[in-house]
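Reviewing the structure listed below.
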Amino acid sequence: MTLMSTSTSSPTSFSINPLVDLQQIFQFAFMQHAFEAGTIVAIVAGIVGYFVVLRRSSFAAHALSHIGFSGAAAAVLIGVSPVYGLLLFTSAGGLGIAALGRRAAQRDVQIGTVLAFMLGLGVLFISLYKGYAQEAYSILFGEILGISFSDVLLTLVAGVIILILISVVYRPLLFASLDEDVAEAKGMPVLFLGVIFMLLVAVATSFAVQVVGVLLIFSLMVTPAATAQLLAKRPRQVIIISVAIALIATWLGLFIAFYEPYPVSFFITSSVFVFYLFVRFIYRRIRP
């Protein structure tokens, strides 16, 4: 579905005044909900993504998103909202990944094995479903334009819980992420922090999937944080920049997609990728 198909009164191109464009966009409730949910997800993904990159857990986050697809397929099969299946399966997957070991470098094979099995389950669930499985398939590429007000509220509640938990464990989690051996030697609960972290990633991934989909989850969970690390060194500065990049990409993607007949996720992923390339290959060479 394209945005232009939702209303025959929508303009065919941008105007000279962006305020006029925004007024046009926010006339539609589905766009309001998309911007609200996208903003919440971008903030959470920008913060959680920093720790994902810092702990070298990108593959784990990627695996959780695919495990979530199996959960969405299972939810569709039994007739409930896909987001509940996402939450259940990603949370279980996060606990399983944390139980495999504390160090990401030592659990890639185990994660890959579990991932392959869960994807197989997803295929089975889809094949067993006899109805229209668009809800589950949309999880692959995101369906931010179909988010309802209740979905926005659920995303807001989950986002607030994630941010509160991160604020509580921020210092020990940062310490353990920077130097796991020293943290363990000082008696910090490294395994417990690892479990909490993977659960945070699982929940954040479940809701980020609504925006960019399973196949493009890296665009919000990894790329903004990876770009921010090229621009700053202090953790808080990196987090702020990561959130800013995720927000700008999400807002820009929604803004452009309102006028163009292409998926929102394409514009979001393209924005963060172009910005990453610019920072890595151009900005770092021309900055004083």
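For the reader, a short list of remarks on this structure follows.
- Of everything listed in (1) closer than 13 Å to Thr227 by Cα; (2) over 19 Å from the mean Cα position of the chain (by Cα); (3) among the aromatic types (Phe, Trp, Tyr), the single unmet condition for Tyr259 is (1).
- Where a residue in the range 44-71 is farther than 23 Å from Ala244 by Cβ and its partner, wherever it lies, is among the aromatic types (Phe, Trp, Tyr), with Cβ under 6 Å and at least six apart: Ile67/Phe89; Gly68/Phe89; Ser70/Phe89; Gly71/Phe89
Residues are listed down the side, and each one gets a yes or a no for (1) closer than 23 Å to Phe35 by Cα; (2) modelled with pLDDT of 90 or more:
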{"position": "Met198", "(1), (2)": "no, no"}
{"position": "Ala226", "(1), (2)": "no, yes"}
{"position": "Gln237", "(1), (2)": "no, yes"}
{"position": "Ala246", "(1), (2)": "yes, yes"}
{"position": "Ala257", "(1), (2)": "yes, no"}
{"position": "Phe278", "(1), (2)": "no, yes"}
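- The residues of the range 235-250 that are free of Cβ contacts under 8 Å to residues at least 24 places away in the same chain and either buried (at least 18 other Cβ atoms within 10 Å of the Cβ) or among the polar types (S, T, N, Q) (or both), listed by number, are Gln237, Ile241.
- Conditions (1) within 23 Å of Gly96 (Cα to Cα); (2) at pLDDT below 85; (3) surrounded by fewer than 16 Cβ atoms within 10 Å (Cβ to Cβ); (4) aromatic (Phe, Trp, Tyr): number failed by Tyr132: (1)
- Any hit, the range 114-129, residues being at pLDDT 75 or above, more than 21 Å from Val52 (Cβ to Cβ), among the hydroxyl-bearing types (Ser, Thr, Tyr) and loosely packed, with under 15 Cβ neighbours inside 10 Å: yes
- Taken over the range 1-37, the residue count meeting the criterion of being modelled with pLDDT of 65 or more, among the polar types (S, T, N, Q) and outside any loop (DSSP other than H, G, I, E, B) is 3.
- Of the set (1) within 16 Å of the chain's Cα centre (by Cα); (2) surrounded by 19 or more Cβ atoms within 10 Å (Cβ to Cβ); (3) of a type outside the set (A, V, I, L, M), all apply to Arg55 but (1).
- Reported count of residues in the range 164-197, each being in contact (Cβ under 8 Å) with a residue 12 or more places away in the chain, aliphatic (A, V, I, L, M) and either out of contact with any Phe, Trp or Tyr (no Cβ under 8 Å at 6 or more places or on another chain) or within 19 Å of Ala60 (Cβ to Cβ) (or both), is 12.
- Filter result for the condition that a residue is modelled with pLDDT under 85 and β-branched (Val, Ile, Thr), over Ile162, Ile111: Ile111
- For the range 170-177, the condition of being surrounded by fewer than 17 Cβ atoms within 10 Å (Cβ to Cβ), more than 13 Å from Phe51 (Cβ to Cβ) and over 13 Å from the mean Cα position of the chain (by Cα) holds for none of the residues.
- Meets criteria (at pLDDT 80 or above and within 16 Å of the chain's Cα centre (by Cα)) for Ile78: no
The values are calculated or read from the model by the stated rules, or taken from the named source; none is laboratory data. These figures come from a predicted structure and were not determined experimentally. Every residue, glycine as well, gets a Cβ built from its backbone with ideal geometry; the counts of neighbours run over all protein chains shown.
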